[in-house]
1. Of all residues in region 196-223, which are part of a helix (DSSP H, G or I) and among the charged types (D, E, K, R)?
2. Would you check which residues across region 231-257 are away from ligand 2 (no atom under 16 Å from the Cβ) and either outside the structural domain of residue 208 (by TED's automatic domain parsing) or in contact (Cβ under 8 Å) with a residue 40 or more places away in the chain (or both) and list them?
3. Considering region 183-222 alone, what residues qualify as being hydroxyl-bearing (Ser, Thr, Tyr) and surrounded by fewer than 14 Cβ atoms within 10 Å (Cβ to Cβ)?
4. Would you please name the residue that is nearest to ligand 2 (Cβ to nearest atom), looking only at residues in region 258-269 that are over 18 Å from residue 67 (Cβ atoms) and aliphatic (A, V, I, L, M)?
5. Which one is nearest to ligand 1 (Cβ to nearest atom), of the residues in region 276-316 that are polar (S, T, N, Q) and in contact with a Ser or Thr (Cβ under 9 Å, 6 or more places away or on another chain)?
6. List the pairs whose first member sits in region 105-118 and is within 9 Å of residue 334 (Cβ to Cβ), whose second member is modelled with pLDDT of 90 or more, and whose Cβ atoms are under 6 Å apart, counting only residues at least 6 apart or on separate chains?
7. Quick one: count up the residues across region 233-258 that are in a helix (DSSP H, G or I) and surrounded by fewer than 21 Cβ atoms within 10 Å (Cβ to Cβ).
8. Just a yes or no: is a residue in region 37-57 touching a strand residue (DSSP E or B) at 6+ places or on another chain (Cβ under 7 Å), in a helix (DSSP H, G or I) and surrounded by fewer than 21 Cβ atoms within 10 Å (Cβ to Cβ)?
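The values are calculated or read from the model by the stated rules, or taken from the named source; none is laboratory data. Everything numeric in this text was worked out from a predicted model, so none of it was measured. Backbone-built Cβ (ideal geometry, glycine too); neighbour counts: all protein chains shown.
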Amino acid sequence: MKIAVLPGDGIGTEIVAEAVKVLNALDLKFELETALVGGAAFEAYGHPLPEATLKLAKEADAVLFGAVGDWKYDTLDRHLRPEQAILGLRKNLGLFANLRPAICYEQLVGASSLKAELIADLDILIIRELTGDIYFGQPRGRRIATDGHFPGAEEAFDTMRYSRPEIERIAHVAFQAARKRSKRVTSVDKANVLETFQFWKDVVTEVGRQYPDVALDHMYVDNAAMQLVRAPKKFDVVVTGNMFGDILSDEAAMLTGSIGMLPSASLNASNQGLFEPSHGSAPDIAGKGIANPLATILSAAMMLRYSLNQEAAAQRIEAAVKSVLAQGLRTADIFSPGTTQVSTLEMGAAVVAAL
Ligand code: IPM
Ligand code: MG
């Protein structure tokens, strides 16, 4: 089991280090190899996704990823910004299926901005298409002024597009996931305005006929954003495009009160995957030893489950995380009166001990 370890920027290095300790505490044999990515790679090699890093990721069975990005790179050309590293990995590895669970942990109900009864036992699976849509549409660019009065660009554009096979394969992922859950899929679109998403809706409906045991409904994205804060428990599996999925998954993650707790998996057709926490690089708290490593540790569990075929080990890690929460241990982001605040290192050590 070969794992490419790409910690990245900001808190990425601290949280990935704890996840690696947890993996090493399992009685399994891994070959772990670490490489630079994002801003850290830009500093060292002048590119956020160096050839060697991409090669390592491609050859590995799975990638354990931290986070990339820092405001200090905002003025760089787009192709050199840290975010291009994760987009490049997704595209080059064909990681089209992004699974983002939004689960409300019993002990963290109070950390949500929503009333407890709205989110207690919440368990949504957002399935975001990850290699198409406006993120990767062509053409894209800026048009330069021609009247000579204003230097620089006068307009900019990105193109939204989806092909039938791209929609079909993500729809299959959603229906198959629903079969293992409550057999309901909500497909989120903007078919009332966008041609791309009328097509999305039509293709998802067609694929849905192959799954008569799964109930499919459709929702416009603006309504979905509203329903997520009004009655989130109405959702089970949500499938949507790259851009809407980016936005809705942040919303869903935050309403659990546990953004520091939520893992994600990005898979290709052969179940090779990249596993990363749902949160970002948080440069404002980097190096302080206060970041929550649990989302990354739970991402390592998803890696064992989806790419490495080690379901038992995945469950052991998930049980260990529940046990440290039950012990009352909390990093700063999920701290509440009556619990014990611990550092990143202490949280990692507690999970290892629980294992
Ligand atoms: C995410 C992030 C990325 C995205 C950025 C960092 C490119 O927001 O994984 O959700 O937009 O996909
Ligand atoms: Mg995002």
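1. If the condition is that a residue be part of a helix (DSSP H, G or I) and among the charged types (D, E, K, R), then 201, 202, 206, 222 are the ones that fit.
2. Of everything in region 231-257, those that are away from ligand 2 (no atom under 16 Å from the Cβ) and either outside the structural domain of residue 208 (by TED's automatic domain parsing) or in contact (Cβ under 8 Å) with a residue 40 or more places away in the chain (or both) turn out to be 231, 232, 233, 235, 236, 237, 239, 257.
3. Within region 183-222, 205 is the sole residue that qualifies.
4. First pass over region 258-269, keeping only residues over 18 Å from residue 67 (Cβ atoms): 267-269.
Restricting the remaining residues to those that are aliphatic (A, V, I, L, M) gives 267, 269.
Working: 267: 17, 269: 23 Å.
Top of the filtered list is 267.
5. In this case the residue turns out to be 278.
6. That search, which allows pairs on different chains as well, returns 107/325; 108/334; 111/334.
7. 8
8. Within region 37-57 (the criterion being touching a strand residue (DSSP E or B) at 6+ places or on another chain (Cβ under 7 Å), in a helix (DSSP H, G or I) and surrounded by fewer than 21 Cβ atoms within 10 Å (Cβ to Cβ)), the answer is yes, since at least one residue qualifies.
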